[in-house]
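S.K.: Quick one: the structure is below, and I'll ask about it shortly.
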Amino acid sequence: MNKIVREHYPVSQLPEDLRAQFPGVETVRLVIEEGAARQSENAPLGRGEGEDFWATLQQARASLKEPRSLRDAVADIRALRDEWDEE
C-alpha cells in the first residue's frame, strides 16, 4: 500500500471542504494512503489467509492440555486483570 506523508502542509492548499475544518490553522500534517482492497474487518479472507487461519486454530486447539470451561477461562482472565490493577 502506498502512503504519502507531508509535515507542515499549508491549509491554504487543501480543498475548500477540508480547509473549512481548520479555521485559524496555518499548517497540518497530511497523510494520504492508497485504499486497500479489503478495509473492512468483515471482508472475506483470501484463500491463503483462510487456510492459514484454520491451520493455526487447529494447532492451538491441539496444544490445549485439557478442555476448559467458560467459567474457568473467565476466572483466569479476571485474575490476570486483577494482577495488573494491583500494580
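Laboratory data are not the source of any read-out in this text; all were calculated from the coordinates shown. A quick note: this is a predicted structure, and the numbers were derived from the prediction, not measured.
S.K.: Under the rule of at least 5 residues apart or a separate chain, name every residue whose amide H is placed under 5 Å from the amide H of T27.
M.R.: Sorted by chain and number, the residues that satisfy this are V11.
S.K.: If I stretch the segment between L18 and D76 completely, what's the gain in nm (0.36 nm per residue apart, minus their alpha carbon distance), one decimal?
M.R.: 16.0 nm
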